[in-house]
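Reviewing the structure listed below.
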């Protein structure tokens with residue numbers, strides 16, 4: 001019998017995959033504009049992700065930030081069950097295959113320490129809880145970056161149809177500071 005989180009993953013992945021391509025592209029453009037509005041001019045390094053499995057693409061956001069002179073980075077899986085490591089990435093830099101069929105910067109790319117993180121989301125609620133694919137990489141990463149006091153802002157990036165009224169939360173689940181959809185910017189109160 002699936003756990004409540006497993007059932008939500010199945011349901012919301014189907015919702016996201018069911019979004020027509022033209023609608024997803026229009027929503028992604030609106031989300032990109034909202035994320036850029038939400039970011040302060042003093043961010044030093046923004047960590048994004050290489051979208052897969054119908055995640056909201058953030059490449060346009062990273063391109064715009066790089067054009068503004070802000071450092072950008074992408075995550076790398078280094079070891080199972082460990083936090084992600086971020087490596088510098090700029091538009092046009094090559095990506096290599098990583099675990100779980102993801103794409104990540106080459107090992108030769110310099111390490112980076114993001115102060116703002118764009119987090120892929122499968123399901124979210126307005127309290128800042130999120131569900132991803134279940135491997136826990138982002139929870140461990142957010143925890144480590146917060147312990148190091150380097151992370152100022154964790155922004156969930158999602159389509160509005162990925163919202164749930166309430167999500168089950170475990171003790172190890174790390175909350176987002178903000179969720180950006182094509183409709184709105186949701187600021188999570190601490």
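We did not get these values from a lab; they are worked out from the coordinates using the rules stated. This is a predicted model, so every value here is computed, not measured. Note that each Cβ is placed from the backbone with ideal geometry, even for glycine, and that neighbours are counted across all protein chains shown.
Between 57, 105, 80, the residue with the greatest mean-square fluctuation in the GNM of the chain (Cα pairs under 10 Å linked by springs) is 80. Note on the range 61-127: Kirkwood radius taken over Cα pairs, Stokes-Einstein applied at 10 °C and 1.306 mPa s, translational D equal to 121 µm² s⁻¹. Enclosing the Cα atoms of the chain in their convex hull gives a volume equal to 124 cubic angstrom per residue. Between residue 100 and residue 171, the distance separating the two model label sites (each 7 Å from Cα on the Cα→Cβ line) works out to 2.3 nm. Summed over qualifying helices (DSSP H, 4 residues or more, each -39500 (n - 2.57)) and divided by its residue number, the chain shows a 222 nm mean residue ellipticity of -8500 deg cm²/dmol. The listed peptides 21-32, 90-101, ordered by packing as a protection proxy, come out as 21-32, 90-101 (highest mean of other Cβ atoms within 10 Å first). Judged by the mean number of other Cβ atoms found within 10 Å, the most tightly packed of the peptides 41-48, 62-69 leads the ranking 41-48, 62-69.
DSSP bridge analysis restricted to the chain gives an antiparallel fraction near 50%, rounded to the nearest 5. The smallest convex shape that holds all Cα atoms of the range 91-176, its convex hull, gives 123 Å³ per residue. Note on residue 29 and residue 13: their simple-model spin labels are 3.0 nm apart, each label 7 Å out from Cα toward Cβ. Scoring 108-116, 71-79 by mean Cβ neighbours within 10 Å over their residues and listing the highest first yields 71-79, 108-116.
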